[in-house]
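Worksheet for the structure shown next.
Bear in mind that the values in this text are calculations on the coordinates, not laboratory data. These numbers were taken from a predicted model, which means no experiment stands behind them. Cβ placement follows ideal geometry from the backbone for every residue including glycine, while neighbour counts extend to all protein chains displayed.
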Amino acid sequence: MHLLTAKQVENAAPGSSVNDGGGLFLRVTAKGNRRWVFRYKRKGHKQKEMGLGGFPATTLAQARMKSAAARDVLARGLDPVAEASAQVEQEKAQAAAEAAKGVTFGAYADEFVEWKIDHSGFSNPKHRNQWRHTFKVHAARLRDKPLSDITRRDILPVLEALWEDRHVTATRVRGRLENLFDHAIQNEAYHHDNPASWKLYNATLSAPRKLTHGHRSAMPRSEVFDFVAQLRGREGCGALALEFAILTAARSGEVRLATWREIDFERAVWSLPAERMKAKREHVVPLAGDAMAVLESARSLCLNAPNLNDFVFQGVRVGKPLSDMTLRAVMRRMGREQYVPHGFRSTFRDWAANDTEFPRELAEEALAHQLGQVEKAYRREQAVERRRVLMEAWADFVSGRQVGGGAVVQLHGHKQR
């Protein structure tokens, strides 16, 4: 033990290894760099070396203290290298925990939600707003609490406030909270089990109360003609947008965000880019004469000639589209609040299946639904002209010119009602 002097350490020759005893060695590289190592061997294991630092940053006295500590660990039957690594990890965890104590849930949530939006590629502005709304509004009572201190007891009141009356929202809020805490755990900002995991609530929160009136259904086909006739007597972009949605069997969001650039008046088609479609593929809608008339009415509402990037159906604020509740508000003011705009897509599908002989694949393509492998033949050119006949027949039906499937039209050898 203690075989070396400070002078010997300083003068150790390049490429040499000098022994201080007790497993402590000074290694000197060919370039003269010096470092301390502790050499040891546990019973049943291969010989190992543990780095103790470089010289002169680590002095001879300090190296002896470190080697003595390593021998103590070895005497307890433990591996000094493994114990040192565990100590480093523990210190890192403690430092992270201390840092996390200063981070509030709100501060972490604001950064997390923007990260989530960027990495998930949410294309729908509504989805982005829903995620932000979850952490700013629904989880508002958590925002000032330290993230590291939040437990199931804090989250339960957030869920209970929504569970009975807004069950779908509540389940989404819980899922987003679980997602946030997964992120925090993986980034060492939270050091407990996920407090928003469903297994912590499935025996506490009751099953959702069933709706008394059930789901809002699609408008029956027998009511569509009267409704459209009344709708055409109303003024404003909201009524025009709803009529256009009915005539094209499109989703309300697709209609609200339609721009003049997407409309080809010469060919009478509406081309929706892939990024605006639910299935993320381009969709071309052949426009019946009634749908073209709606577009002319919308254009007449513009004070000046519209730009190609302008929305077809302008909102109250200049340059903004209609809100996502406008079409539904039109139906509510007309006394049809039991139905929703999206339901007209189901009405169209029921009409095509029950009142006509148009091929099923054609109706599915008109709705921009995903098709099976065999049906995808219809999608090679999207069967636009075939669907034009279908959409003209639908326009005749909703306008009262073809009620009950009385008229018959010819389509590539098939009789169509």
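Things to note:
- Taking only the C-alpha atoms of the range 6-82, the Rg (one decimal) and the largest Cα-Cα distance, Dmax (whole number), read 12.7, 38 Å.
- Positive dipole terminus of the chain, leading residue within Leu60, Leu231, Val158 (C-beta point charges): Leu60
- For the chain, with +1 on Lys and Arg beta carbons and -1 on Asp and Glu, the positive-most of Ser323, Phe181, Leu26 along the dipole: Leu26
- The charge dipole of the range 152-295, taken about its Cα centre with unit charges on the Cβ atoms of Lys, Arg (+1), Asp and Glu (-1) only, comes to about 340 debye.
- From most to least packed by mean Cβ count within 10 Å, the peptides 333-345, 160-172 give 333-345, 160-172.
- Mean separation of Cα contacts under 8 Å, 6 or more apart, over the residue count of the chain: relative contact order %: 10 percent
- Largest first, the three principal axis extents of the alpha carbons in the range 221-416 are 48, 34, 28 Å in whole numbers.
- Using the average count of surrounding beta-carbon atoms within 10 Å as a protection proxy, the listed peptides 229-236, 51-58, 254-261 rank, highest first, as 254-261, 51-58, 229-236.
- Rounded to the nearest 500, the helix-only mean residue ellipticity at 222 nm of the chain stands at -13500 deg cm²/dmol, with each DSSP H run of n ≥ 4 adding -39,500 (n - 2.57).
- Taking the centroid of alpha carbons for each part, the range 289-304 and the range 64-136 are 58 Å apart.
- Hydrodynamic radius (Kirkwood) for the chain, which is based on Cα pairs only, to one decimal in Å: 28.0 Å
- Dipole magnitude for the chain: about 1400 debye, using +1 per Lys or Arg Cβ and -1 per Asp or Glu Cβ, origin at the Cα centre.
- Volume of the convex hull of the range 105-200 (Cα atoms only), normalised per residue: 94 Å³.
- Gain upon complete extension [Ala93, Met334; 0.36 nm per residue less C-alpha separation]: 80.6 nm
- Normalised by the number of residues in the range 6-82, the average gap of Cα pairs under 8 Å and 6 or more apart makes the relative contact order 21 percent.
- Of Lys92/Lys136; Lys199/Lys280; Lys136/Lys280; Lys126/Lys320; Lys116/Lys280, pairs whose Cα-Cα distance is over 24 Å: Lys92/Lys136; Lys199/Lys280; Lys136/Lys280
- Inter-label distance, His342 to Val168: 0.6 nm, where each label sits 7 Å from its Cα along the C-beta direction.
- Rel. contact order, % - alpha carbon contacts under 8 angstrom, at least six apart, the range 105-200: 28 percent
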